[in-house]
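Heads up: the structure comes next, in structure tokens.
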Number of protein chains: 2
Amino acid sequence: MLSQTVEYALRAVVYLASESPAARTTDEIAAKTLVPKAYLSKVVQGLVRSGIVRSRRGVGGGVMLSESPEHVTILDVVNAVEPIQRIHTCPLGLVSHGARLCPLHKRLDAAMAAMEQAFAATTLAEVLADPSKSVPLCDVKARPKPKKKRASR
Amino acid sequence: MLSQTVEYALRAVVYLASESPAARTTDEIAAKTLVPKAYLSKVVQGLVRSGIVRSRRGVGGGVMLSESPEHVTILDVVNAVEPIQRIHTCPLGLVSHGARLCPLHKRLDAAMAAMEQAFAATTLAEVLADPSKSVPLCDVKARPKPKKKRASR
DNA sequence: CCGATTGTGGATGTCAATATCCGTTTTAGC
DNA sequence: GCTAAAACGGATATTGACATCCACAATCGG
């Protein structure tokens, strides 16, 4: 249902939120979120273009959230990567009845609206603050303390 | 968001519902719903396999709804063609925390649930009975009376 | 200025969704 | 049984999503 790219983008952004406001390299994000390194860099480029994250090249560079986690909703991220397709006009070519949607597409759009609403309802900060064990992604090593990590890659 | 195949399947099924319980040929369905003829036949085959519609070959044959329009929901059709992907287990490989979803995927699944709910809430009969001008699909020629139609194809 | 690091952009490969075509099978009517 | 109608099934494009690789540009520490 949701594209793989959206899934990847959300993982990356949630991880960045958990480290906010620090920057992280795409290599590290990829390792932590289990996203293919090369592809993640493309996904991140999209996030940069849409303004969700900012990047800096070179030594000590990386990617960071543009805004604080309380100000970014899941919908913001989804729309940045692959906008929710609301149905505004008849998918059949017929212009015959103007802007009014037929009964079927009215329902389909309502379903899209419901999903959009669900995405808009949660900020990254709320995801991180979730009561059910603060495990950011599905596991991401459960980062207990910001201790110097090395190896693994 | 929704695949083209789902869109086509819904158009076909809504059209069949409007003609229910009569059977219609895929050629006619294609013409009325503006779906590519050859591809529609594949989509319909899927609907047959999943039991949403029944078909009969040969002269006078065609495709018809298996059940009356009141008994078929939009969700039934969607799931027959391309099941809504609920998130039951962590998309990352990690089995480490069992069946429990992380905060992020709990939200994503909630969004899927919202959409599923919206689809489940409407039957084909309700789509046809919609108050806003009973235009079945977006237009489908507005079929005023079941008068003998010919030509057009 | 030099070199290591890190994001950027382009070229390319792979695969599933979309779409078309056509021969085969089933069925009804004669 | 013969023929026309119609669904079925397989083979084959075409396209975009997913993914990889690599040369280049920017940036920092010395």
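The values are calculated or read from the model by the stated rules, or taken from the named source; none is laboratory data. These numbers come from a predicted model, not from an experiment. All Cβ positions, even for glycine, are placed from backbone atoms using ideal geometry, and neighbour counts span all protein chains on display.
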message = Out of B:Asp109, B:Asp27, I need the residue that is near DNA strand D (Cβ under 9 Å from one of its atoms) and more than 13 Å from the chain's Cα centre (by Cα). Which one?
response = B:Asp27
message = If I ask for residues that are within 16 Å of A:Glu82 (Cβ to Cβ), in contact with a helix residue (DSSP H, G or I) (Cβ under 6 Å, 6 or more places away or on another chain) and more than 14 Å from chain B (Cβ to nearest Cβ), which ones from the range A:3-46 would you list?
response = A:Val43, A:Val44, A:Gly46
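Hey, could you check the range B:8-24 for residues that are more than 11 Å from DNA strand D (Cβ to nearest atom) and farther than 14 Å from B:Val127 by Cβ and say which is surrounded by the most Cβ atoms within 10 Å (Cβ to Cβ)? It would help to see each step written out before you state the result.
From the range B:8-24, those more than 11 Å from DNA strand D (Cβ to nearest atom) are B:8-11, B:13-15, B:17-22; that's our starting set.
From what is left, the residues that are farther than 14 Å from B:Val127 by Cβ are B:8, B:21-22.
On the way: B:Tyr8: 22, B:Pro21: 12, B:Ala22: 11.
So the residue we want is B:Tyr8.
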note = Within the range A:33-45, residues over 18 Å from A:Gly61 (Cβ atoms) and surrounded by 15 or more Cβ atoms within 10 Å (Cβ to Cβ) come out as A:Thr33, A:Leu34, A:Val35
ask   = Does the range A:91-99 contain at least one residue that is within 20 Å of B:Ala114 (Cβ to Cβ), surrounded by 18 or more Cβ atoms within 10 Å (Cβ to Cβ), away from DNA strand D (no atom under 13 Å from the Cβ) and within 14 Å of chain B (Cβ to nearest Cβ)?
value = no
request  = Please go through the range A:48-83 and pick out each residue that is at positive phi and more than 13 Å from DNA strand D (Cβ to nearest atom).
outcome  = A:Gly51
ask   = Can you name every residue in the range A:13-29 that is closer than 21 Å to A:Asn79 by Cα, within 11 Å of DNA strand C (Cβ to nearest atom) and not β-branched (Val, Ile, Thr)?
value = A:Leu16
task = Mind listing whichever residues of the range B:118-127 are more than 7 Å from every other protein chain (Cβ to nearest Cβ) and part of a helix (DSSP H, G or I)?
result = B:Ala120, B:Leu124, B:Ala125, B:Glu126
inquiry  = Just the residues that are of a type in the set (Val, Ile, Thr) and surrounded by 15 or more Cβ atoms within 10 Å (Cβ to Cβ), please, taken from the range A:49-83.
reply    = A:Ile52, A:Val53, A:Val63, A:Val72, A:Thr73, A:Ile74, A:Val77, A:Val78, A:Val81
task = Kindly indicate whether any position in the range A:51-58 is at pLDDT 90 or above and more than 16 Å from DNA strand C (Cβ to nearest atom).
result = no
